[in-house]
Amino acid sequence: MQNSWQIYRIAFQTIVTKEILRFMRIWVQTLLPPAITTTLYFIIFGRLIGDRIGEMDGYRYIDFIVPGLILMSVIQNSYANVVSSFFGTKLQHYIEELLIAPVPHWVVLGGYVVGGVARGTMVGILVTIISLFFTDLSINSYGLTLLVFVLTSVLFALAGFINAVYAKTFDDISIVPTFVLTPLTYLGGVFYSIELLPEFWQWLSLANPVLYMVNTFRFGILGISDIDVVVALVIILGFIAILTVYSLRLLSRGVGIKE
Amino acid sequence: MAALVIKDLHKTYRNGFAALKGIDLQVEQGDFFALLGPNGAGKSTAISIIASLTNKTTGRVEIYGHDLDRERDQAKRLIGLVPQEFNFNMWEPVVEILVNQAGYYGIPRKLAFQRAGEALQRLGLWEKRQTQARWLSGGMKRRLMIARALVHRPRLLILDEPTAGVDIEIRRSMWEFMREINRQGTTIILTTHYLEEAESLCRNIAIIDHGRIVEQTSMTRLLSQLHSELFLLNIAAPIERAPDLHDYRTTLVDSETLEVEVDREQSMNQLFGLLSAQGIEVVSMRNKQNRLEQMFVDLVDSAKEKRA
Ligand SMILES: Nc1ncnc2c1ncn2[C@@H]1O[C@H](COP(=O)(O)OP(=O)(O)OP(=O)(O)O)[C@@H](O)[C@H]1O
Ligand SMILES: [Mg+2]
């Protein structure tokens, strides 16, 4: 007789595999668009406009924005993967397969989050490869870069999950990305150093969690940051903890999935 | 040992609607059990609670002695469900749906493919294994859900209207299939609105109406309560008036069809004797209603009177 842990492990692997197969199957919708968009970003902001901007924090503009663009695609894709996949799971009722089975909530959550991280990672790598055509990327600290990459991906996969739990229509899964995620990333210092901003806006920017991730990630790659890296890591971890607890509560209360 | 025990189960939905008002049910191991009731009676609600798809309001559910609250995993591993509504990923290939299902029950991937293959063969879906589920016909989708419910080899299989929208030939093969897995030891609970299906498959039966059990008994005992049966006789030569057949109540449906009510104590031989004495030749004969159907209507009606 198998013990519960063996079952959980296989169930977890099953969910992750299913999630990866899902976005690979529709790669034209999931992997291709971010590759195209970031190529355009590199050409337009990096080359055409960037050459006129000159330096930012002592780096060529294109070198400055590369870390932010990579992380932005990780954020968007981790989020998008979980929100659309879990919403579909609810909408077509095959969430019931998981509710009937002896799979605890944290395994379900973990499976979907890791699925989102897998897509975030794949897109992140893709974008990094594309960026090599435009800049010579040299990485200051591999450890930190990787850590921020993964933590950011986890955080936004969790956020996507929560969005999916509350979503009742297809529109609901695009509202948050459009009205929250995009502004936060654009204002999160992807394209500029917040030192360029007036004091008030600098101060306000500090309330934006994405700023911490982008800067830490940039620090990992370039070795420069607008903010303290340790503070940033604590903040990211704090958000992950809060969203994890919140997601598990939603699941155990059965919000949106159970009568 | 009982495969399923339900004690005083209540369910009130969020909108305040009381779908189950205290249900007690026991299904023995190895049984083939019919859970019948009119639309909206609460069958699917009860099944959803057993399968952990819906939270109960109060009450207790035990699967092979495992309490669904306290020994959730053990209880869940023993249940297989074929739900009333399609609930699989329409975009996923058939075989993957089964392999995933197996995975959720801890079956390693290699074995899962093997089990999935077996289940697909048994349900005649092997040719469709790589097809996306949405391209299956309605009957195939039902069979897919049956296959899915079996990959982890449950000991209690619950089928919520599995034969709805399935053609006659496949329905018969599904019956044969259900009988076979029941013979092999799987306890089966079946809901259906085709009462001849319940009559021919099930040994025990519960009838639920408006969230209450109105009858729970064995099929033979239930049918033996039937006071009379209605037969329709096709007669060779047209007649104008219903003949007088003494104690047998007769009505002329049309000039060539005669309806006769035969009480439990009365015999068919005597009926035919009377008919031939009057020179009426019977060409063929059938039940007006399925016997269980007749019983069912009576029970639901009397439950309605009681409520009134
Ligand atoms: N989510 C819900 N919220 C409120 N009421 C519900 C909900 N689901 C079901 N009901 C109500 O509960 C009652 C029982 O429904 P249920 O689906 O259990 O019936 P059933 O016996 O399976 O009927 P059928 O034979 O039509 O499948 C119905 O009146 C139904 O409208
Ligand atoms: Mg139903």
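Observations
- Scope the stretch A:135-167; condition surrounded by fewer than 18 Cβ atoms within 10 Å (Cβ to Cβ) and farther than 14 Å from residue A:240 by Cα; matching residues: A:135, A:136, A:137, A:138, A:139, A:140, A:141, A:142, A:143, A:146, A:166
- Qualifying residue in the stretch B:190-204 (condition: open to solvent by 30 Å² or more (accessible area, probe 1.4 Å), touching a strand residue (DSSP E or B) at 6+ places or on another chain (Cβ under 9 Å), farther than 30 Å from residue B:270 by Cα and within 16 Å of ligand 1 (Cβ to nearest atom)): yes
- For the stretch B:23-32, the set of residues classified as part of a loop (DSSP other than H, G, I, E, B) and either open to solvent by 40 Å² or more (accessible area, probe 1.4 Å) or not assigned by TED's automatic domain parsing to the domain that holds residue B:211 (or both) consists of B:29 only.
- Qualifying residue in the stretch B:149-162 (condition: open to solvent by 40 Å² or more (accessible area, probe 1.4 Å), within 17 Å of residue B:80 (Cα to Cα) and not acidic (Asp, Glu)): yes
- Residue B:58, sole failed condition from (1) open to solvent by 10 Å² or more (accessible area, probe 1.4 Å); (2) more than 8 Å from chain A (Cβ to nearest Cβ); (3) within 16 Å of ligand 2 (Cβ to nearest atom): (3)
Per-residue answers, yes or no, for (1) within 22 Å of residue A:18 (Cα to Cα); (2) more than 8 Å from every other protein chain (Cβ to nearest Cβ):
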| position | (1), (2) |
| --- | --- |
| B:62 | no, yes |
| B:65 | no, yes |
| B:72 | no, no |
| B:76 | yes, no |
| B:80 | yes, yes |
| B:100 | yes, no |
| B:103 | yes, no |
| B:106 | yes, no |
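- Boolean, residue B:20 is aliphatic (A, V, I, L, M), touching a Phe, Trp or Tyr at 6+ places or on another chain (Cβ under 6 Å) and within 14 Å of chain A (Cβ to nearest Cβ): no
- Listed conditions (1) more than 16 Å from ligand 2 (Cβ to nearest atom); (2) open to solvent by 10 Å² or more (accessible area, probe 1.4 Å) are all met by residue B:44, apart from (1).
- Residues (at pLDDT below 95 and aromatic (Phe, Trp, Tyr)) located in the stretch B:89-110: B:91
- Condition check for residue B:207: touching a Phe, Trp or Tyr at 6+ places or on another chain (Cβ under 6 Å) and in a strand (DSSP E or B): no
- Filter pass, residue A:188 being in contact (Cβ under 8 Å) with a residue 12 or more places away in the chain and on the phi > 0 side of the Ramachandran plot: no
- Single match in B:78, B:20, B:98 (criterion: within 16 Å of ligand 1 (Cβ to nearest atom), open to solvent by less than 40 Å² (accessible area, probe 1.4 Å) and not charged (D, E, K, R)): B:20
- Residues that are within 16 Å of ligand 1 (Cβ to nearest atom) and more than 14 Å from chain A (Cβ to nearest Cβ) are absent from the stretch B:273-282.
- Just so you know, in the stretch B:33-48 the residues that are part of a loop (DSSP other than H, G, I, E, B) and within 6 Å of ligand 1 (Cβ to nearest atom) include one that is farthest from residue A:258 (Cα to Cα), and it is B:37.
- Whichever residue in the stretch A:1-16 is in contact (Cβ under 8 Å) with a residue 24 or more places away in the chain and over 22 Å from residue A:83 (Cα atoms) and, among such residues, is least open to solvent (accessible area, probe 1.4 Å): A:7
- Some residue of the stretch B:219-227 being in contact with a strand residue (DSSP E or B) (Cβ under 7 Å, 6 or more places away or on another chain) and within 25 Å of residue B:47 (Cβ to Cβ): yes
- The residues in the stretch B:108-118 that are more than 8 Å from chain A (Cβ to nearest Cβ) and surrounded by fewer than 24 Cβ atoms within 10 Å (Cβ to Cβ) can be counted, and the count is 7.
- Of the residues in the stretch A:61-76, not one is within 14 Å of chain B (Cβ to nearest Cβ), open to solvent by 70 Å² or more (accessible area, probe 1.4 Å) and closer than 30 Å to residue A:168 by Cβ.
- Against the numbered list (1) within 24 Å of residue B:48 (Cα to Cα); (2) modelled with pLDDT of 95 or more; (3) hydrophobic (A, V, I, L, M, F, W, C), residue B:113 comes up short only at (1).
Condition check ((1) under 24 Å from residue B:47 (Cα atoms); (2) touching a Ser or Thr at 6+ places or on another chain (Cβ under 6 Å)) across all residues:
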residue	(1), (2)
B:84	yes, yes
B:108	no, no
B:118	no, no
B:125	no, no
B:136	no, no
B:142	yes, no
B:171	yes, yes
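- Here residue A:35 does not fit the description of being open to solvent by less than 80 Å² (accessible area, probe 1.4 Å) and within 12 Å of chain B (Cβ to nearest Cβ).
- Exactly one residue among A:55, A:19 is touching a Phe, Trp or Tyr at 6+ places or on another chain (Cβ under 9 Å), surrounded by 17 or more Cβ atoms within 10 Å (Cβ to Cβ) and acidic (Asp, Glu), and that residue is A:19.
The values are calculated or read from the model by the stated rules, or taken from the named source; none is laboratory data. Everything quoted here is computed from the prediction, not taken from an experiment. All Cβ positions, even for glycine, are placed from backbone atoms using ideal geometry, and neighbour counts span all protein chains on display. Ligands, DNA and RNA are excluded from the accessible area calculation, which covers all protein heavy atoms including side chains. Shrake-Rupley method; radii C 1.70, N 1.55, O 1.52, S 1.80 Å.
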